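A.B. asks: Structure provided below as structure tokens; questions to follow.
The values are calculated or read from the model by the stated rules, or taken from the named source; none is laboratory data. Everything quoted here is computed from the prediction, not taken from an experiment. Neighbour counts run over all protein chains shown; Cβ positions are idealised from the backbone, glycine included. Just so you know, the surface numbers come from the protein's heavy atoms only, side chains and all, with ligands and any DNA or RNA stripped out. Shrake-Rupley method; radii C 1.70, N 1.55, O 1.52, S 1.80 Å.
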Amino acid sequence: MSRAEVLVGLVGADATLQSRELPDGVPPSWRESSTLAVVGKPTQRIDGSDKVTGRARYTPDIKRPGLLHGKILGSPHPHARVHGVNISDAEAQPGVKAVVVLPHLLGGAKLESEKARGKLVPVVRYLGQPIAAVAAETPEQAKAALARIKVDFEVLPHVVDPDEALKPNAPLVFSGPVSMSGSAGGGGAKGGIPQKGNLRGPKRGAPRGKDAAQMEQAVAAALRSGQTVVRGTYRTQVQTHSALETHGLTAEWAGDELTVWASTQGIFSVRDELAEYLEIPTSKVRVITDFCGGGFGAKFGAGNYGVLAALLAKKAAAPVRVCLDRREEHLAVGNRPASEQNIALVSGKDGKLAAIELRGWGAGGAGAGAGFAGPANNVYGHCPAIYTEEFDVFTHTGPLAAFRAPGHPQGAFALEQAMDELAEKLGIDPLELRERNDPHPGRRLERQKAAELFGWSRRTLAGQLPPEGALGHIRRGLGMAQGCWYYFWSDDSHAEVRIHRDGTAEVLAGVQDIGTGVRTPLAQVVAEELGIPLASVKVSIGDTRLPVGPGSGGSVTTGSITPPARDAAYQARLSLCKEVAPLVGAKDLAPGPGGKLVGTAAGKPIELSLKQAAAKLRKEQVSGTARRKPDYDAAATNGRAWGQTGGVQLAEVTVDTLTGIIRVERIVAAHDCGRPLNPLLVESQIHGGIIQGISYALFEERRLDRRTGRMLNANLEQYKIAGALDVPRIDIALLEDLHGRTSTDARGIGEPATVPTAAAVANAVYNAIGVRLRELPLTPARVLAALAAPATGTAPR
Amino acid sequence: MNAFTWVEVTTAEQAVAQLSAARGGSALLKAGGIDVLDRLKEGLDAPERLIVLRRPTAGSKSTLSEISEIPASRLPDSITRLLPAGNAGDAPQPRDCLRIGALVTLAQIASHPTILRALPALAQAAHAIATPQIRAVATIAGNLLQRPRCWYFRSADFHCRKKGGDECFALDGENEYHAIFDNRTCAAVHPSGAAVALLVLDAIVEIQTASGTRQQRLSAFFVSASQQGGDVKRENRLEPGEVITHLYIPLPSPDERSLYLKSKQKQSFDWPLCEVAISVRRAPSGAGSLLQAARIVVGGVAPIPWRAKAAEAALLRLSKLDIESVRAIAQAASDGARPLAKNGYKVPLCQGVVAQAVMQILSNA
Amino acid sequence: MVAAMADSDSGGVSRRGFLIQSGTGSAASLLGAASLPAVRSSAQAAPAPAAAPITEIGPGPVPVQLQVNGKTVAARIEPRDTLAHVLREQLGLSGTKIGCDRGACGACTVWVDGIPTPACMTLALDVAGTAGKGGRAARPVTTIEGLSTAQGTLHPVQDAFVAHDALQCGFCTPGMVMSCAALYERKRSQGQLAALSEGEVREAIAGNLCRCGTYPHVVRAMLSTAKGTGNGKNGGSR
Ligand SMILES: Cc1cc2nc3c(=O)[nH]c(=O)nc-3n(C[C@H](O)[C@H](O)[C@H](O)COP(=O)(O)OP(=O)(O)OC[C@H]3O[C@@H](n4cnc5c(N)ncnc54)[C@H](O)[C@@H]3O)c2cc1C
Ligand code: SF4
Ligand code: FES
Ligand code: FES
């Protein structure tokens, strides 16, 4: 340990040098990015040309000699008991090489009793639930053979609609208490919570460090205090992840060793799940993911399809590929759960929040942990009384999975609209209302910057901007919302850096690229540390043979893996110094600025570039390894919410009051993510978050037929995803927020960028038409219905 | 997709012969194949023989993939007699027509200079359909003859009336995108955007039959279940084994104009929630009303492209353009609508789109 | 084998091109008439004297040739095989992706006759050349692999995509690039490249879904490459 000066705070605002306790073996902290050569500069992806030429190989592109095609038999019923599965007819079909029955189901909530029993889950709880699979020479043969698998189903009554599921005599999804394990960044529900019928809960919540029971009382007292109260009920829909590459895995055995190519966000979690499921040693499983066509939270484990691929490959003694089709993707591999949220805000006339109460349910199908209270408990954490209750409602539909900022877009949709309503009721500008309740320094600066870029001062009260269009039917509105995300990292993140004699370097880390482009920031931090060009750094990722890295979820990747990468590069430099010092006669050779090695030889100062020093090596390479260090000096908080990133978005929309069609014309987004290592890639992530947010706000919704429990839009045509013509002008203000706690100051941005969008759009729609829409998606049908109903808002129409 | 025999033909006569020969098995005609592949992949159709009507190779005399202007002097009588009469009671006069071959793609239509200039409603409709990639492949006849997009119909899991089953799942199911007119037997809306435009342009369809050709007005071509004694299994009057060869569209006189508007939730490809085409003919100055002819056809609201006759009548009575009268015309557009549980919004929507179309066409007139 | 195809009286320019190609190279030998039991042909009786004969293929696999990225290649396909499937599984051209398999995402976009086309909704026989009576020429197909030169020089659109980070996970990227490069080539051949508008770019990619949300950078990449500034190495986006 040693003390050092570290730059802390928002660059260009309150950043100051502070003294910090630094652990041993870490390089000196970087100052603001403008003083750096590679880091912090907009830099094109080092693997970009693989992606634009089609050279990049994704899981369905992997070809192995003798590759077979696997297809899954999913349950055609949403609720049934399986009494037996007969595969012999299927096995005899042309081209068929193996047929297997899924031993037990992965994903979703589990009955405590079923867990104990282990094997073969005999109950189907959602349509599309995997039951068995076939491997054949062609996909068509495999598909044809599926029809020959005979499953003895006892079809049971089902319920797919949460409102129906809450009725007294609704069919039960689970006959007893359940729990569900989480995946990185979300999901998960611990046992020990009350459960009655299809309703499980409440999970009682309060801001970190506060007692929920006390908070409940405090909220009740505030509600009775006679201060201003706004209440509302908000509903959100089921959104499916819909990564453009579906889930898939190719498995190949060599003896008792299994190699798989998987479309995943977590190569190590796939490895561990396969090893556990197949009861083979972890060391016998290798997972490779060169490229992954998007995950958004749903691609962590091996998945039922992955297990089936491994079992088929074993049985057929040939490699087997199982890649889902678009329909299976919608049905069976996760979604963002629906919610109903009842929120109440209590405030003084001065706009200071006195209490926030939030109660409601989330509906994640046959999964648990569909919460939404993150924003309520964290964004206005200074509010003295905050209490939340979250319930799960079970239905016979595919279980939820973590989805980009799990719970937050839902939670922000309710909370930030309620804030908007409160602002109007108190006659305070919505931005100003946040100012009075949210001291987070990042968001403070973000509000200011975003408002300037956007021209927030143009905003008038709801419905007051002049009508546009020949029939005066176009109404324009401006709205804002904000959000938070957490600063998570995985300290089980390791990297190795090798410096070769020719002055090039290699960084090895067991992470995977899901689209964020992690290869590039890895190369950047190493190039910066070593003082060599970016092109001299080779990055190896996406293989469980590499040092263990984090799963890409919860926005942890960059903040977890770049510090050890930089630290490993520093360690490699230290060993380079040690190796080269005797060769140049400089005992005190040490790392200096700009990647140089400096010292004195024969009484004179000497300075070697990395390339010069490496050339002197008598061995092939020197290397350094490092593990993610805990955050430096973690006790000191300086009053800053170190654990939270912000994000403020302002939206401008038009609403056609004749057709109900909403168009988002502009979004201004201000965000912080620690030190933006590569602003170009950060910008891409923010675009992605916003566009998914708009798509969630206006278009996306899983549509089910209640009677049969079938999904009606399990495609990409009626499951509507925003395209190029739906995307507004987007302007971004990006903060440089140095927290001085790791060697790179990086934090994630993937998730925070999608949190406030839907809420900002909804607030802008309200501002346009003076009627508040409290249910997602904001469809033309809902707009027209709202316009036809008697006005509910206080604003003129 | 089932395995099938590929039977490739380049003329309508061959196609008809192959379709009727069917040799005891089933045969399905493919043009661009966008709709056909969707149905084959879902298993809604499983023909033994796919009759593939290909674009004739260069140099052939076939007009199946051509757009050409046919001067009045060369217009066949069979077409002339179906042209709209200039004034009620008059015998139809030959007029210059545009002839569009059945295999012409939507992309060709959307960019054809004559269509852009003289028949803008058609160009706009073609451009608004699906994606650029699909428009490059999809043909005009295929677009008119594609099967409905009702999501129950499109899923092999639902054996609904349209497939010969005995119930309609949409009537008390998820019917947000379904019909508000003529919807009691089958509420699927007619899917073709091109049809909506072609109807206001008085298009005539030419059909190859086993014994020759026949012609009919497109306005009498599409049929709903209620118009054919409850038969929901088809959407038009094309008989089995027949093949569309051409469309004839009278070229408008200088005082006529048309436009098409599509209201879609998503601006990048989306099916219409409601679409409208309108054509008007200005009245000579001094006449009491602004217009002497008007047609309004609304799509996405009925099992067939829906003539909004009451709105047409109101439009014809219009003597000056003001917002109140436009609203009144729009109101009339939803006369007779009987929405289902979840598509009530289509009533104001249909009015709204018609209002915009009327406003737009009259202020440009 | 050439004789087997030469009876058509509608042979135009493209047909002659096919005869030349199929007469050379290794593909031709695969197409000997003897190996084509499944291709039958019957001259159609009246009423259409000018029509080409009717060709019947399948339902089993038949040898055909495809013209992909400027090369003539042999394949064995069933009539029901889509172009996307054949490119990926038989020809090893896995740059063409399948996102929806229903024409709704654009991931499978390739050029047929130079025009962006959904390969998942195109049957391989639609573009294949066949031998036998009534055989016909293959139509040229260009995939993402054919866009850059064999020497690895990227198309200007590909360069611009990299420079402006118009790609994230990259799964939609090949299709997106094919749509954009077609637009670029069209505008260039019209001498209108510099006039390329944002609206034109958005329209051209309206059928290409990107779940990661790259659209703004795609637009930026296209506009700057059209103006000749797209190939800056780093930070071209700022
Ligand atoms: C994502 C997506 C979005 C879409 N959006 C729209 C939209 O917004 N609006 C819209 O209108 N359409 C839309 N479509 C539908 C599309 O336009 C049609 O599927 C297409 O136009 C069909 O043309 P085709 O040539 O491919 O027809 P095919 O698929 O080849 O044929 C369709 C049907 O017509 C029959 N047929 C074809 N030609 C003839 C002929 N000459 N004589 C007799 N029968 C014939 C066939 O047997 C078949 O039954 C969309 C499709 C997709 C996939
Ligand atoms: S609306 Fe028509 S097509 Fe749809 S389910 Fe009912 S009968 Fe079938
Ligand atoms: S895969 Fe062809 S359009 Fe989606
Ligand atoms: S980059 Fe991932 S889908 Fe477009």
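A.B. asks: Give, as ranges by residue number, the residues of the stretch A:608-631 whose backbone N falls under 14 Å from the point 7 Å along Cα→Cβ of A:K587.
C.D. replies: Nothing falls inside the zone, counting backbone N under 14 Å.
A.B. asks: Which ³J(HN,Hα) values, rounded to whole Hz and listed in residue order, are derived for the stretch A:249-263 from phi using the Karplus coefficients 6.51, -1.76 and 1.60 in 6.51 cos²θ - 1.76 cosθ + 1.60 with θ = phi - 60°, glycine and proline given as x?
C.D. replies: Going residue by residue, I get 7, 10, 10, 9, 9, 10, x, 9, 9, 10, 10, 10, 10, 10, 8 Hz, with x marking Gly and Pro.
A.B. asks: With just the Cα atoms defining each centre, how far is the stretch A:127-167 from the stretch C:124-190? Give it in Å.
C.D. replies: The stretch A:127-167 and the stretch C:124-190 have Cα centres separated by 38 Å.
A.B. asks: Between the stretch B:99-136 and the stretch A:571-608, what is the C-alpha centre distance in whole Å?
C.D. replies: Answer, in whole Å: 72.
A.B. asks: Between Rg and the Kirkwood Rh of the stretch C:62-145, both from Cα atoms, what is the Rg to Rh ratio?
C.D. replies: 0.94
A.B. asks: Given axes a ≥ b ≥ c from the Cα gyration tensor, I'd like to know whether the stretch B:153-286 is rounded (a/c under 1.5), prolate (a/b larger than b/c) or oblate.
C.D. replies: Details: a/c = 2.28, a/b = 1.33, b/c = 1.71.
It is oblate, given that a/c is not under 1.5 and a/b is not larger than b/c.
A.B. asks: Can you pull the Rg over Rh of the stretch B:1-53, Cα-only, Kirkwood?
C.D. replies: Expressed as Rg/Rh, it is 0.95.
A.B. asks: As a quick test, which of the pairs A:K190/A:K352; A:K299/B:K264; B:K41/B:K266; A:K284/A:K578 have an alpha carbon distance above 29 angstrom in this structure?
C.D. replies: As for pairs spanning more than 29 Å Cα to Cα, those are A:K190/A:K352; A:K299/B:K264; A:K284/A:K578.
A.B. asks: Right, next: Shielding by partners for C:115-125, please: the mean number of other protein chain Cβ atoms within 10 Å of each residue's Cβ.
C.D. replies: For peptide C:115-125, the averaged partner shielding equals 6.
A.B. asks: Go through A:D325, A:D392 and list them by solvent-accessible area, largest first, probe radius 1.4 Å.
C.D. replies: Ranked from most to least accessible, the order is A:D325, A:D392.
A.B. asks: Oh, and also: Using a ≥ b ≥ c from the Cα gyration tensor of chain B (square roots of the eigenvalues), is it rounded, prolate or oblate, where a/c under 1.5 gives rounded and otherwise the larger of a/b and b/c decides, a/b for prolate?
C.D. replies: oblate
A.B. asks: Give the peptides A:87-95, A:492-500 in descending order of average Cβ contacts within 10 Å, highest first.
C.D. replies: Highest-to-lowest ranking by the protection proxy: A:492-500, A:87-95.
A.B. asks: Next question. Is it possible to state the helix-based mean residue ellipticity at 222 nm for chain A, with each DSSP H run of 4+ residues giving -39500 (n - 2.57), the sum divided by total residues, to the nearest 500 deg cm²/dmol? What is it?
C.D. replies: Result for chain A: -8000 deg cm²/dmol, rounded to the nearest 500.
A.B. asks: Find the centroid of the Cα atoms in the stretch A:236-307 and in the stretch A:455-515, then give the distance between the two in whole Å.
C.D. replies: Distance between centres, Cα-based: 27 Å.
A.B. asks: Follow-up. More than 13 Å apart: what percent of Cα pairs in the stretch B:179-233 qualify?
C.D. replies: Tail of P(r) above 13 Å: 67 percent of Cα pairs.
A.B. asks: Taking the mean number of other Cβ atoms within 10 Å as a proxy for protection, how do you rank A:61-71, A:579-589 from highest to lowest? Walk me through the numbers on the way to the answer.
C.D. replies: Numbers: A:61-71: 19.5, A:579-589: 16.1.
Final packing ranking: A:61-71, A:579-589.
A.B. asks: A follow-up question, please. Can you tell me the Rg and Dmax of the stretch B:264-365, counting just the alpha carbons, in angstroms?
C.D. replies: Over the stretch B:264-365's Cα set, Rg and Dmax evaluate to 14.0, 47 Å.
A.B. asks: Run down the aspartates and glutamates and flag those whose C-alpha is under 14 Å from the C-alpha of A:K616, throwing out any fewer than 8 positions away in its chain.
C.D. replies: Leaving aside aspartates and glutamates fewer than 8 places away in the same chain, those within reach of A:K616 are A:D502, A:E579, A:E607.
A.B. asks: Extending each Cα 7 Å along its Cβ direction at B:H159 and A:R3, get the distance between those two points in nm, one decimal.
C.D. replies: Computed distance between label sites B:H159 and A:R3 equals 8.3 nm.
A.B. asks: I would also like to ask the following. Quick one: give the max-minus-min coordinate of the C-alpha atoms of the stretch C:156-227 along each principal axis, largest first, in Å.
C.D. replies: Its Cα atoms span 33, 23, 17 Å along the three principal axes.
A.B. asks: Once you order the gyration tensor axes a ≥ b ≥ c over the Cα atoms, which shape class does chain A get: rounded for a/c under 1.5, otherwise prolate or oblate by comparing a/b with b/c? If you can, show how the numbers build up before the last one.
C.D. replies: Numbers: a/c = 1.86, a/b = 1.10, b/c = 1.69.
Judged from the Cα gyration tensor, chain A comes out oblate (a/c at least 1.5, b/c at or above a/b).
A.B. asks: For A:N342 paired with A:D24, estimate the spin-label separation in nm (one decimal), with each label point 7 Å from Cα along the Cα-to-Cβ line.
C.D. replies: 5.9 nm
A.B. asks: Something else about it: For an R0 of 45 angstrom, estimate the FRET efficiency from the Cβ-Cβ distance between B:E66 and B:A341 and round to the nearest 0.05.
C.D. replies: Computed FRET efficiency for B:E66 and B:A341 comes out at 0.45.
A.B. asks: Then there is this: What quantity of accessible surface, computed with a 1.4 Å probe and excluding non-protein components, is buried in total between chains C and A, in Å² to the nearest 100?
C.D. replies: Summing both chains' loss of accessible area gives about 4300 Å².
A.B. asks: Between A:R231 and B:N364, with labels modelled 7 Å along Cα→Cβ, what's the label distance in nm to one decimal, could you check?
C.D. replies: 5.2 nm
A.B. asks: Okay, next question. By accessible area of protein heavy atoms, probe 1.4 Å, what ranking do B:E176, A:E620 get, highest first?
C.D. replies: Putting B:E176, A:E620 in descending order of accessible area: A:E620, B:E176.
A.B. asks: Now for a separate question. Which of the aspartates and glutamates could be linked to A:K604 by a straight reach, that is with a Cα gap under 16 Å, when you skip same-chain ones fewer than 8 residues away?
C.D. replies: Of all the aspartates and glutamates, those that pass the test against A:K604 - Cα under 16 Å, at least 8 places apart if same chain - are A:D588.
A.B. asks: So, one more: Just to be sure I understand the rule: take each whole DSSP H helix in chain A, project its Cα atoms onto its long axis, keep it if the span is 27 Å or more and its mean Kyte-Doolittle hydropathy is at least -1.0. Which ones pass?
C.D. replies: Numbers: long enough: A:557-584 (39 Å, 0.08); A:679-698 (28 Å, 0.80).
Passing helices, by number: A:557-584, A:679-698.
A.B. asks: Here is a further query. How would B:R54, A:R782, A:R729 rank on accessible area, largest to smallest, probe 1.4 Å?
C.D. replies: A:R729, A:R782, B:R54
A.B. asks: Set the Förster radius R0 to 51 Å, insert the Cβ-Cβ distance between B:R234 and A:E137 as r into 1/(1 + (r/R0)^6), and round the FRET efficiency to 0.05.
C.D. replies: Step by step, r from the Cβ atoms, then E = 0.85.
A.B. asks: Then there is this: Would you please calculate the Kirkwood hydrodynamic radius of the protein assembly as shown over all C-alpha pairs and express it in Å, rounded to one decimal? Don't skip to the end; give the middle numbers.
C.D. replies: Details: mean 1/r = 0.0299 Å⁻¹.
Over the protein assembly as shown, the inverse of the mean reciprocal pair distance is 33.5 Å.
A.B. asks: Now a separate question. Check cross-link reach from A:K315 to the aspartates and glutamates: straight Cα distance under 17 Å, and skip same-chain residues fewer than eight apart.
C.D. replies: A:D89, A:E91, A:E137, A:E252, A:D256, A:E257, A:E279
A.B. asks: Let me ask something else. Assuming R0 = 45 Å, what is the FRET efficiency of A:K315 and C:Q190, from their Cβ-Cβ distance, to the nearest 0.05?
C.D. replies: Working from the Cβ atoms, E equals 0.20.
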